[in-house]
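> Encoded as structure tokens, here's the structure I'll be asking about.
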Amino acid sequence: MPLLAAAQDHCSRIIPLSPSLAEIVYQLGLGGHVVGRTRYSHYPPEIRRVTALGGLLDPNLEAIVALRPTTVLALIESKERLRALSSFGIQPLFFDHRSLKDILFSIRALGEACGRMRESEALVQRLQHSIEAVRSVTAQRDAPSVMIVVGGESAQGNLRNVFISGSDGYYSELLSIARGTNVMRGVTAPASGFSLEGIIELNPEIIIEVQPPSTDSKGTLQAIRRAWSQLPSLSAVQRGRVYLLDSDYATIPGPRFDLLLRDFVRLLHGEEVAKEILLLHE
């Protein structure tokens, strides 16, 4: 009991400095202890009532210190920018969310740190069940070749300034579970590193663009499809299989990755296959 009390006291004033970590904190039932957030944290909706403290590139260190946090959570990419917090006696906990294993680890670690082990284990088990459900439904299906685009200017007609997700990425891992084949075998890279002939040589059967939420998803998708139509020989263009994913969880490598995984299944294998996965959860 004293250990549990100590953990709860340690997490009495939490500042999660990434949307993914904020989502974990809320899913563990710790939302009432959150006193600050980044400007990019919008889920769950109640987090918007909490003070915004800058972003990944410009965290407001003075405002963070002023809120007297007992726990600051951040992704490893922010380590250098948050180094100065140590001079105020604040030692952030850093996490890596570049893989599903890392995300599941952080859920368990936060559960242990904040006395929410039962909740964290339940969340991990649910997410692992989602992964296995997808694998069981898609195991015998063909694995179409897919190019995942993670940001850029395709909606403005510029195909040279887009980034293609490589085998090093979180999206590639989800794609593999969903039974797809990533055409980008190397690390995530800008398309400007390829000639147009190089992109044509990749020749994906499906192109999926992952972008932040849009106020006009239909218009954005139409613009993206017009851009890729500049390469009419691509199999994805000929088949009309250029898609946009801009749900609020699409760009956040966090505890809602199961929703994105289901989206991938739907785009790769169809709505009926995605429904089979939902049935396995009932």
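> Of the residues that sit in segment 110-158 and are out of contact with any strand residue (DSSP E or B) (no Cβ under 8 Å at 6 or more places or on another chain) and acidic (D, E), which one is nearest to S229 (Cα to Cα)?
D142
> If the Cβ limit is 7 Å and pairs must be 6+ apart or interchain, which residue in segment 148-161 that is under 24 Å from G180 (Cα atoms) pairs with which residue that is acidic (D, E) and not in a helix (DSSP H, G or I)?
V149/E209; S154/E209
> Let me ask something additional. Can you give me the ranges of the strands (runs of 3 or more DSSP E) entirely in segment 1-109 with at least 3 residues that are in contact with a strand residue (DSSP E or B) (Cβ under 6 Å, 6 or more places away or on another chain) and touching a residue at least 40 places away in the same chain (Cβ under 8 Å)?
Output list reads 14-16, 71-75.
All of the numbers you see were taken from the coordinates with simple rules; none came from a lab. The structure presented is a predicted model; accordingly, all values stated were derived computationally and were not measured. Cβ coordinates were reconstructed from backbone atoms using ideal geometry, including for glycine residues, and neighbour counts include every protein chain displayed.
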